[in-house]
Each structure stands twice: as structure tokens, then as C-alpha cells.
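Structure record follows, encoded as C-alpha cells.
The values are calculated or read from the model by the stated rules, or taken from the named source; none is laboratory data. Worth saying up front: this structure is predicted, and the values here are computed from it rather than measured. FYI the Cβ positions are ideal-geometry reconstructions off the backbone, even for glycines, and counts take in every protein chain you see. Only protein heavy atoms, including side chains, enter the accessible area calculation; ligands, DNA and RNA are left aside. Shrake-Rupley method; radii C 1.70, N 1.55, O 1.52, S 1.80 Å.
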Amino acid sequence: MIRSCSPTVCAALLSIVTPAAAAEAPADLILSGGRVWTAKSEAPWAEAVAVRGDHIVYVGTDASAASLRGPKTEVVDLHGGLVLPGFNDAHIHLMEGALSLERVDLIEDDSLAAVQARIRGFAAANATRPWVLGRGWLYGSFPEGLPTKEQLDAVVADRPAYMDCYDGHTGWANSKALALAGITRETKDPEDGIIVRDPKTGEPTGALKEGAKSLVEARIPVPEGEARYALLLRALALLNSQGITSVQDAGFGPVDLSTDVPLLERARAEGRLTVRVRASVRMSQGDVEDPIAAAVRLRASHDDAWLRFDAIKGFVDGVVEAKTAAMLEPYPDGGTGLPNWTPATLNAAVTAADKAGLQVWLHAIGDRGVRMALDAHEAALRANGRADGRGRIEHIETISSADYPRFKALGVIASMQPLHANPDQNNMMVWVRNAGPDRAGRGFSWGNLERAGARLVYGSDWPVVTSDVRRGLYCAVARKTREGKPPGGWLSDQAVTLDSALRHYTIDAAYASFEENAKGSLTAGALADLVVLSEDLFKEPPEAILRSKVVLTVVGGRVVYRDRP
Ligand SMILES: [Zn+2]
């Protein structure tokens, strides 16, 4: 199914097809004097872009673009910089990212001492906050692979403190937070999670896996009203500063729908929604019908280029780090991880959502989880015959060799996050060890998927890792940390070309939301969403990606970020 374009897009496509027609009215904005990468295979390069209103009216030579200049046209000299279609982050958690802006970020700390020092400093700087909150800690920072309440008590003893793991699957509470949540030796594990306990005493250690996290999280005061709205606006500004013009949200829950959809609507009404938002609604085993109904209802009122709800998301399994990802063969020290669904319930849920015309996203990280997700998309295809449902699988950190060709055969999109494969200490120690040698050899295998004809789309999973697209791009092409480790790149045959990585962040990401005709490439008639980088990445070694700067970001013809004031 290809969505028909909006009346404005169609009008633009019909009326502006030749430079002569375009010349009838001057452009509002002309970018020239650099290189333009269009994401169009048939004409990948140009010199200049001209914009009128919220659409691109011309892509071509500097000379022809100059003929569209009028007295009020803003002309931007690119100084040899690179123009790209605006980045589309195909997997993000927008509001969680927004809320993370007022929490301490631990993602760059790779030792217990560094983690504790940062939390101590943050707590001191925010002495009046009732809770000390943070996120982003790495399993590899802790000697045992999991943190303890004593380690957090050592730096925050006066207030409850709670830190979410970078992957969002494990929480870390201090003694005050555990007490506030009423978690004791007697507390039973919830059905969908584990209160980690000392094997000798049975005392909760402070680590909470999966559903057990919510025992503490439910007690944390969340910003509401104006404070929450202000954080959303900060998040949008941050994304614009990174060249991001579209995001696809990986799952609103029922609470998010009631609190955050109105905030997005308000931002839009006030002209402050400077990132296009496309979102999915979360479902889980036993809670399928309501989310589908919610997504269908929201689709009826939110289905345009700025705000759209037309997808449903389910978690097939957990993560490798916590050994909750569902594997075909056991983890090196036993256990295979349990899927969150039975195959039958998953197939039925995906089929029902697909039948309702929704796109289905399935989080699947273990090779068994990925296979179950492929099976479920296949079941939906067989049952409904909707050939262009564009089902998605999120993450695909491990995969059986036998399953590569199924992505192309079923038309399933591989939605992956390059920075999750960052070969830092955490990944190299915890992830590789847990995956075991055979599975780790196919870790985050973008190259194999591309060679098998799969369509990849890239995102960040922010706030799991930074939303900075340059970091993701560098990891995608180099498979190295930003310090350049390991020298040859980790599983370097899984790296992709720069051209390919950029496509996954632009035109392919637009395809993943059925919008490839409206955005994702620079062409006359497309929405004027673009980013200007300071360096021509195609002429420089990959390290130039990291030192490049976002110079200008334009969304719908409007400049929403400028490097210089
Ligand atoms: Zn996610």
C-alpha cells in the first residue's frame, strides 16, 4: 500500500515539473556552492537546491537555481558543505528521550568509579530534587555485570535514587527507593520480571529486571503539564541540531497516549513541532485488542506529514545483556531466554493488527525471537494477503543464517541501530560473551542482511544511546568506537558503505513509514526537509563524519537550526 500524497504535495508535483514552471515565482530559500546528495539512485548528485513554501522546487545546477532568486530569497552559501535529505530516525523513544534530558546520563562511563563519581556530582548539583534519577549505565561497568544497592547508597544515601540501564531492561535502585516501593525479601517476582536477589540471604540486591522495574518506576514523580511540554520542546530542538527532521516512535503506551499526544498536538498547533513524528502504539501478550483499537482511532485523526499514528509495536523478547533475548541455542552458561509471547498468540496478534491496516513492529533480538517475528509476519501475509504491509523487525542483534533471505522474501523491513553495535568495552565484554562465539559472529549483521536483499532502516533508539546521527553513521561505516577501536573494525564485513548508511537514515526510513514519495530524497516536489553538514563526507575518510558539524537544518522549508546565531 502506498499512501496517496497530501493535496499540497500533489499540487506541487503537478505544477512544478520544469525549471520554466519553477521560474514563475522566486524561491524562498536557495542553497548553493556545495554538493547535494539527493538519495535518488538515478541522479545522486547536484549543486543546488531551491525551496518555496514547504516544498523543494528545484534540484540541479547553481546557475539554474540562481535564476529562481528574487528580492526576498534567502541564499545560503554552502562553502563546500554537503546537503543531505533531513535525517529520519526510524526508531526513537521521543518522550523518554525528552524526560532523559533532566536525568544524569551514564552512557559514557565505563567503570564503577566513573559511574559513582558522576552520580555524586549530579546529586550535589540537584540537591533539592526529591529523587536522584539517571540512565544509561552499562553492564560492563560493574564487576558482577549487575549493579547493587550498596554501590548506589554509597553516593546517594539521603534520597531515593534510581538509574535505568542503557538498554531499558534493567533498573538499579538504592535502599531508599527499594523501601519506598516496598520491595523486601518477601516480595514476589512479578510475572514479567525478576527482583534480583542475593543467593545466600534472599535480600533484593537493587537490580530489577524487566517488569520488576515498574515496582520502583511507578513511584517516581514524572514531569507533568508545562514542565513536560518544555522538555518535549528541548528534545525537538536537540534533534534539529543533529540534522533530524523526522522520527518514528517505537511505542506509546496507554499512559503516554493520554499525556503525550496532547503535547504533540499542542506543539503542532503552536508551530513548534519542528520534527515530523510518526508513532506506534505498544501491545503485549494479553493486551492486543485495545492497542489496535487505539492505533486505529488515532490514525483517523493523525495521518498527515507532521503527526501520524499508524503502527503497532510488540516485544517478542528481551536483550542479550540480560540474557532475556530468546535464543535457539542456550546461552554459554545455560538458559535460552524466554519469548514474551507464544508463537500462536504472536501470530494472531500480528495478523489482527495487519488486518486493521496497521504496520507491525516487532522487537526481536535473540535469533529465536527474530525467527518468531518473521513467522508472525509470514502468518499475517498468508492470512490477509496484504503484500505491502511493510512489517518491521526491530534490532535483530542476532540471527540464524537460515533467516537472512526471509526478509526479502516476506518484504519485512530490518530496523537497526548502528550505535548498538558500538564495539566499546560493554559490547565486547558482556554482549559478545553472552551471545557466544557462533552468534556473536553474526552480531548486528547489516552487511549480511543487505547482501540477502533485505531493506534496512537506521535509527538510534534514543535515549538508549545518543540520537546523534553522526555517531551512528560512523559506526555503520567503520564498526569502530569513536576512539578508532578495534583498528580494523569489529566484524568489518558487516559494515556498510556511506551511501548505503545515508539511504537507511533517509529514503529507506521514509519507505518504512510509507512516505518515500513525499520525503527522504531531495527532488522537486518533495517536502523541503534537509540538513547541511560542514564537510563533504564522500571526499573524506570516515573519521570526518565525527568532526563534521550540522550547519543548517530545514523542516518544511523552515530553518529550524543554524550553527551560527
Ligand atoms: Zn527501542
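Computed 3J(HN,Hα) for the range 484-495, one whole-Hz value per residue from the Karplus formula 6.51 cos²θ - 1.76 cosθ + 1.60 where θ = phi - 60°, is x, 10, x, x, x, x, 7, 6, 5, 6, 9, 5, glycine and proline marked x. Using a Förster distance of 45 Å, how high is the FRET efficiency between Ala344 and Glu224, based on the Cβ-Cβ distance and rounded to 0.05? For R0 = 45 Å, the calculated efficiency reads 0.65. Taking each of Lys40/Lys480; Lys149/Lys209; Lys40/Lys408; Lys176/Lys200; Lys176/Lys213 in turn, the alpha-carbon distance tops 25 angstrom for Lys40/Lys480.
Per residue, the accessible area of the chain comes to 39 Å², computed with a 1.4 Å probe over protein heavy atoms only. Rounded to the nearest Hz, the phi-derived 3J(HN,Hα) couplings of the range 476-483 under the Karplus curve 6.51 cos²θ - 1.76 cosθ + 1.60 (θ = phi - 60°) are 5, 8, 10, 6, 10, 5, 6, 8, where x marks glycine and proline.
The label point for Leu546 and the one for Asp110, both projected 7 Å from the Cα toward the Cβ, are 1.1 nm apart.
What is the calculated FRET efficiency for Ala356 to Asp153, with r their C-beta to C-beta distance and R₀ = 51 Å, to the nearest 0.05? Approximately 0.55, to the nearest 0.05.
The accessible surface of the range 378-457, taken with every protein chain in place and a 1.4 Å probe, is 54 percent carbon and sulfur.
Toward the positive end of the charge dipole of the range 57-181, with +1 on the Cβ of Lys and Arg and -1 on the Cβ of Asp and Glu, the farthest Cα among Phe142, Ala66, Leu106 is that of Leu106. For the chain, the percent of C-alpha pairs falling in each 20 Å distance bin, counted from 0 to the bin holding the largest distance, reads 21, 55, 22, 2, 0. Evaluating 6.51 cos²θ - 1.76 cosθ + 1.60 at θ = phi - 60° for every residue in the range 520-531, the Karplus couplings come out as x, 9, 9, 7, 4, x, 7, 4, 7, 10, 8, 10 Hz, glycine and proline recorded as x.
Using Cβ point charges alone (K and R +1, D and E -1), the dipole size of the range 45-104 about the Cα centre works out to roughly 200 debye.
Amide H contacts for Leu328 (H built 1.01 Å from N in the peptide plane; partners 5 or more residues away or on another chain; cut-off under 5 Å): Asp367, Arg368. When you count the other C-beta atoms within 10 angstrom of each residue and take the mean per peptide, 300-309, 548-557, 494-503, 221-230 line up highest first as 548-557, 494-503, 300-309, 221-230.
How many percent of DSSP beta bridges within the chain run antiparallel, rounded to 5? Taking every DSSP beta bridge with both residues in the chain, the antiparallel ones total about 45 percent.
Taking +1 at the Cβ of each Lys and Arg and -1 at the Cβ of each Asp and Glu, which of Pro487, Asn240, Thr336 sits farthest along the dipole of the chain towards its positive end, judged by Cα position relative to the Cα centre? Value computed over the given set: Asn240.
For the set Ser445, Ser534, Ser400, Ser67, solvent exposure ranked by accessible area (probe 1.4 Å, protein chains only) runs largest to smallest as Ser67, Ser534, Ser400, Ser445.
Applying both filters, DSSP loop and at most 13 other Cβ atoms within 10 Å, to the trypsin sites (Lys or Arg not before Pro) of the range 49-108 gives Lys72. Along the Cα-to-C-beta direction of Asp304, a point sits 7 Å from the Cα; which residues of the range 255-293 have their amide N less than 18 Å from that point? Under 18 Å, as judged by backbone N against the label point of Asp304, lie 261-279 of the range 255-293. By how many degrees, 0 to 90 and rounded to 10, does the Cα axis of helix 254-269 deviate from the longest principal axis of the chain? Helix 254-269 sits roughly 30 degrees off the main axis of the chain. If I model a spin label as a point 7 Å beyond the Cα along the Cα-Cβ vector, how far apart are those points for Ala66 and Glu329 in nm? Each label point lies 7 Å from its Cα, and together they span 6.4 nm. FRET efficiency for the pair Glu24 and Glu483, taken as 1/(1 + (r/R0)^6) with r the Cβ-Cβ distance and R0 = 56 Å, rounds to 0.60.
The fraction of accessible area contributed by carbon and sulfur in the range 66-215 is 52 percent, rounded to a whole number (1.4 Å probe; ligands and nucleic acids excluded). To the nearest ten degrees, helix 112-125 and the longest principal axis of the Cα atoms of the chain are 70 degrees apart. Taking amide hydrogens as placed 1.01 Å from N in the peptide plane, the amide H of Val75 sits under 5 Å from those of Ile30, each at least 5 positions away in sequence or on another chain. When Asp438, Asp508 are compared by accessible surface with a 1.4 Å probe, the order from highest to lowest is Asp438, Asp508.
Less than 5 angstrom separates the built amide H of Ala161 from those of Val132, Asn174, Lys176, Ala177, all sequence-distant by 5 or more or on a different chain.
Helix 225-241 and the longest principal axis of the C-alpha atoms of the chain enclose an angle of approximately 60°.
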